[in-house]
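Engineer: Encoded as structure tokens, here's the structure I'll be asking about.
The values are calculated or read from the model by the stated rules, or taken from the named source; none is laboratory data. As the structure is a computational prediction, the values presented were derived from the model and not from experiment. Neighbour counts are summed over all protein chains in view; Cβ atoms, including those assigned to glycine, are modelled from backbone coordinates with ideal geometry. The accessibility values were calculated without ligands, DNA or RNA, using every heavy atom of the protein model including side chains. Shrake-Rupley method; radii C 1.70, N 1.55, O 1.52, S 1.80 Å.
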Amino acid sequence: MKKATSGKMKEPSSKREEIRAQVIDAIAQTMDLYGVNYSFGQLYGILFFEDRPMTLDEMQGSMNMSKSNMSYAVRSLMDSKMVSKLGEKADRKDLYTAETDFFKAFQLFFASKLQREIDVMKTAIEPVIEPLSETILALETSEEERKLCLQDLHKLRHAVRYYEWLQQFVDKLQEGQFFDGKQIGDD
């Protein structure tokens, strides 16, 4: 079992909790593969098995994690769309719940990560294509520099086509088109 970096789950006190701990560990390891901190994956696993929303204090008690790390973990999971903050509160404390539909969790997590990649890369690539093209066409540009700029331009245009394709993929993912007729949320 991989060790948590900023918190450790309580020791299981029943067979059911032992089984849950095994699955929570697998969830955390899997999420770690996709760049989510292992401890944050454990927290998601705990929320996944809860039959009710939890407060930060309750999560902190389950994870033995500092309040600041717990807040950061919850914000990170919310950014990844794996956890949601509910509108209602318990004793003036915010309540959080995990997305338990793995189809929906996959859809939300990957669509948000891929959309961020698309946005970052398009913001970097789109503004440089015109100046690069102008440099290629400028009379004062040396042949060697023109050749190198042309190579860069071809690579960037290829990247633009990729990000256009990726945007179409994300749009279809958000629409739920990759789930073999299963509508997200259906059981």
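Engineer: Working carefully through the options Gln107, Gln167, Gln151, find the one that is in contact (Cβ under 8 Å) with a residue 12 or more places away in the chain, in a helix (DSSP H, G or I), polar (S, T, N, Q) and more than 30 Å from Lys67 (Cα to Cα).
Structural biologist: Going through Gln107, Gln167, Gln151 in turn, the sole match is Gln167.
Engineer: Follow-up question, since we're still on this one. So which pairs qualify, if the first residue must be in the range 36-49 and closer than 14 Å to Met78 by Cβ, the second must be among the acidic types (Asp, Glu) and assigned to a loop (DSSP other than H, G, I, E, B), the Cβ gap must be under 6 Å, and the two must be at least 6 apart or on different chains?
Structural biologist: Final answer for the pair search is none.
Engineer: Let me ask something else. So for the range 78-86 (the condition being touching a helix residue (DSSP H, G or I) at 6+ places or on another chain (Cβ under 8 Å), among the polar types (S, T, N, Q) and assigned to a helix (DSSP H, G or I)), does at least one residue qualify?
Structural biologist: No, because not a single residue in the range 78-86 is touching a helix residue (DSSP H, G or I) at 6+ places or on another chain (Cβ under 8 Å), among the polar types (S, T, N, Q) and assigned to a helix (DSSP H, G or I).
Residue by residue, here is whether (1) hydrophobic (A, V, I, L, M, F, W, C); (2) open to solvent by 20 Å² or more (accessible area, probe 1.4 Å); (3) at pLDDT 90 or above holds:
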site: Gln22; (1), (2), (3): no, yes, yes
site: Leu33; (1), (2), (3): yes, yes, no
site: Tyr44; (1), (2), (3): no, no, yes
site: Arg52; (1), (2), (3): no, yes, yes
site: Met63; (1), (2), (3): yes, no, no
site: Ser80; (1), (2), (3): no, no, no
site: Ala90; (1), (2), (3): yes, yes, no
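Engineer: Run Ser84 past the list (1) over 21 Å from Gln107 (Cβ atoms); (2) among the polar types (S, T, N, Q); (3) open to solvent by 10 Å² or more (accessible area, probe 1.4 Å) and report the number of the one that doesn't hold.
Structural biologist: The one condition Ser84 does not meet is (1).
Engineer: Continuing with the same structure: Restricting to the range 65-78, count the residues that are more than 25 Å from Gln115 (Cα to Cα) and either open to solvent by 30 Å² or more (accessible area, probe 1.4 Å) or touching a Pro at 6+ places or on another chain (Cβ under 8 Å) (or both).
Structural biologist: 4
Engineer: What is the number of the single condition among (1) out of contact with any Phe, Trp or Tyr (no Cβ under 7 Å at 6 or more places or on another chain); (2) over 30 Å from Gly45 (Cα atoms) that Lys122 does not meet?
Structural biologist: Condition (1) is where Lys122 drops out.
Engineer: Now for a different question. Exactly one of (1) in contact with a Lys or Arg (Cβ under 9 Å, 6 or more places away or on another chain); (2) in a loop (DSSP other than H, G, I, E, B) is unmet by Glu11. Its number?
Structural biologist: (1)
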